[in-house]
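Just below is one structure, and these are the notes that go with it.
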2 protein chains.
Amino acid sequence: MSIRLLLADDHRMLREGLRRSLTDAGFDVVGEAADGEEAVELAGQLLPEVVLMDVSMPHLGGVEATRRIHDAHPEVRVVMLTMHADADVVADAIRAGACGYLVKDCSIDEIADAIRAAVSGETTLSPQLAASMLGELRKLDRGPADPEERLITKREEEVLQLIADGCSTPEVAAKLYISQKTVKNHLAAIYQKLDARDRTQAVVRAVRMGIIRLD
Amino acid sequence: MSIRLLLADDHRMLREGLRRSLTDAGFDVVGEAADGEEAVELAGQLLPEVVLMDVSMPHLGGVEATRRIHDAHPEVRVVMLTMHADADVVADAIRAGACGYLVKDCSIDEIADAIRAAVSGETTLSPQLAASMLGELRKLDRGPADPEERLITKREEEVLQLIADGCSTPEVAAKLYISQKTVKNHLAAIYQKLDARDRTQAVVRAVRMGIIRLD
DNA sequence: TGGTTGATAGGCCGCCCGGCTCATTCCGCT
DNA sequence: AGCGGAATGAGCCGGGCGGCCTATCAACCA
């Protein structure tokens with residue numbers, strides 16, 4: 001029997017191309033989702049063997065969607081796709097229950113291999129990622145049985161998104177009905193968690209991690 | 001005869017998907033480019049009827065690559081692809097000689113229509129873009145015969161890229177062997193051109209316009 | 001019940017940032 | 001020869017920004 005797949009990516013162009021290529025490669029694409037929420041919903045309804053999930057999607061990021069799918073249906077394997085090779089995101093994704101991580105520059109054959117590996121319980125990483133992971137290996141060394149931590153809190157995410165939308169500290173404070181000081185407190189926490197030292201770095205890292213979006 | 005196409009996008013996954021879908025749709029994909037320079041080179045060698053070009057690519061952005069292809073081979077039609085619906089970029093792309101502009105959320109059918117329209121000399125815009133263009137129409141009204149202006153200069157682009165990489169003003173100055181004052185001057189010029197008021201806004205807008213990249 | 005975490009908020013300090021005006025040099029185009 | 005744009009640089013100034021420390025309150029959890 002062919003492997004049943006769910007595709008989750010916010011760009012129809014990529015979804016349609018993947019659907020055709022993966023269908024030709026012998027897989028059974030049973031559904032497509034355009035955002036994280038839809039992915040969680042369809043994964044529960046269709047119970048595919050593997051979900052191919054983009055990191056950066058509207059409404060709900062790929063990592064959080066992966067976490068929910070994994071919690072609700074541990075038998076569903078999730079393979080993540082991303083634009084950028086960022087070791088930190090890989091760690092988050094793996095903690096969230098993903099069993100594969102590919103950059104979008106890989107070939108259809110590599111995707112097919114990763115899907116088959118996922119079904120048989122193996123974890124696949126893009127070569128580009130494997131290399132950058134080696135440099136970050138020490139960080140993972142500290143705690144393998146880490147409780148599934150949602151690095152950025154909901155409130156911090158709201159602040160971060162407004163910053164990315166071009167708001168200054170006073171503007172963010174006004175929009176969230178809190179004081180400027182609180183905004184700065186959230187920002188300070190964000191800088192520490194994302195290893196950034198100013199709002200620009202924080203936005204760039206958050207975008208790469210799929211936490212926020214550039215609409 | 002089927003229409004000869006060149007695909008230019010830095011993500012192999014998207015290229016392979018598009019190649020298969022467009023081949024099935026009756027087009028003749030004669031080449032693939034992974035960055036702007038390669039696109040210019042291959043366009044010159046292969047002389048395809050249409051180039052499908054991503055806005056954001058390494059080494060050379062899609063808009064600049066389009067300009068060079070258009071200057072060297074005016075008979076080659078270029079259709080641009082982008083993640084974001086940004087009216088300003090559309091204006092730049094059209095000035096650079098593009099005869100189509102699609103967001104990556106459109107379907108294969110829409111791409112096929114845009115390619116056929118391009119061949120017959122028409123210009124196609126994604127519906128999402130057509131809508132946002134209406135709001136910006138006044139800006140285009142002022143000067144239709146605008147000289148092909150490269151909004152951001154080379155030096156400004158270097159500064160912007162370093163800022164996006166997380167450098168502060170003193171760090172950018174050190175890396176470029178210029179004074180902090182000059183960096184701030186370039187930034188001031190950038191803010192004006194991109195309609196931004198701080199570095200974070202400038203980086204976000206520049207990324208959406210494909211001027212710089214988030215590696 | 002006490003410990004942890006998230007969200008709220010204040011003060012203080014120093015520096016970087018962005019706005020303003022102005023000057024110089026070099027290059028390319030007319 | 002001259003004009004304009006790009007790149008370089010300076011000074012001034014006010015405000016935003018980031019670092020650091022402390023504090024309160026509610027929720028949750030062991």
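The values are calculated or read from the model by the stated rules, or taken from the named source; none is laboratory data. This structure is a prediction, so every number in the text was calculated from the model and none was measured. Cβ sites come from the backbone with ideal geometry, for glycine too, and all protein chains shown count toward neighbours. All accessible areas refer to the heavy atoms of the entire protein, side chains included, with ligands and DNA or RNA removed. Shrake-Rupley method; radii C 1.70, N 1.55, O 1.52, S 1.80 Å.
See the values below:
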quantity	calculated
Subset of segment B:1-30 that is open to solvent by 20 Å² or more (accessible area, probe 1.4 Å) and of a type in the set (Ser, Thr, Tyr) - its residue that is modelled with the highest pLDDT	B:23
Only one of B:164, B:202, B:206 that is within 10 Å of DNA strand C (Cβ to nearest atom), among the small types (Gly, Ala, Ser) and surrounded by 15 or more Cβ atoms within 10 Å (Cβ to Cβ)	B:202
Residue check, residue A:31 assigned to a helix (DSSP H, G or I), more than 14 Å from chain B (Cβ to nearest Cβ) and over 16 Å from the mean Cα position of the chain (by Cα)	no
Residue B:54 at pLDDT 90 or above, closer than 22 Å to residue B:214 by Cα and within 14 Å of chain A (Cβ to nearest Cβ)	yes
Pair list, Cβ < 6 Å and 6+ apart or interchain, from segment B:176-189 residues that are in a helix (DSSP H, G or I) to residues that are open to solvent by less than 50 Å² (accessible area, probe 1.4 Å) and near DNA strand C (Cβ under 7 Å from one of its atoms)	B:180/B:169; B:183/B:169
Qualifying residues in segment B:164-196 (those that are touching a Ser or Thr at 6+ places or on another chain (Cβ under 8 Å) and within 11 Å of chain A (Cβ to nearest Cβ)) - the one farthest from DNA strand D (Cβ to nearest atom)	B:164
Qualifying residue in segment A:77-84 (condition: in contact with a Phe, Trp or Tyr (Cβ under 7 Å, 6 or more places away or on another chain), within 14 Å of chain B (Cβ to nearest Cβ) and among the hydrophobic types (A, V, I, L, M, F, W, C))	yes
Failed criterion for residue A:90 (all others in (1) under 11 Å from the mean Cα position of the chain (by Cα); (2) within 14 Å of another protein chain (Cβ to nearest Cβ) hold)	(2)
Among residues of segment B:75-98, those that are in a loop (DSSP other than H, G, I, E, B), open to solvent by 10 Å² or more (accessible area, probe 1.4 Å) and more than 15 Å from residue B:6 (Cα to Cα), counted	5
Test: residue A:55 is among the aliphatic types (A, V, I, L, M), surrounded by 23 or more Cβ atoms within 10 Å (Cβ to Cβ) and farther than 25 Å from residue B:58 by Cα	no
Within segment A:197-215, tally of residues that are more than 19 Å from residue A:90 (Cα to Cα), within 12 Å of DNA strand D (Cβ to nearest atom) and either touching a residue at least 12 places away in the same chain (Cβ under 8 Å) or not in a helix (DSSP H, G or I) (or both)	3
Scan of segment B:175-191 for residues that are open to solvent by 50 Å² or more (accessible area, probe 1.4 Å) and either under 21 Å from residue A:199 (Cβ atoms) or touching an Asp or Glu at 6+ places or on another chain (Cβ under 8 Å) (or both), ordered by number	B:175, B:180, B:184, B:188
Close pairs (6 angstrom Cβ cut-off, 6 or more residues apart or separate chains): away from chain A (no Cβ under 13 Å) in segment B:105-124, modelled with pLDDT under 85 and part of a loop (DSSP other than H, G, I, E, B) anywhere	B:118/B:99; B:123/B:99
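Let's see how each residue does on (1) modelled with pLDDT of 85 or more; (2) farther than 14 Å from residue A:80 by Cα; (3) polar (S, T, N, Q):
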position: A:123; (1), (2), (3): no, no, yes
position: A:137; (1), (2), (3): no, yes, no
position: A:140; (1), (2), (3): no, yes, no
position: A:150; (1), (2), (3): no, yes, no
position: A:153; (1), (2), (3): no, yes, yes
position: A:161; (1), (2), (3): yes, yes, yes
position: A:167; (1), (2), (3): yes, yes, no
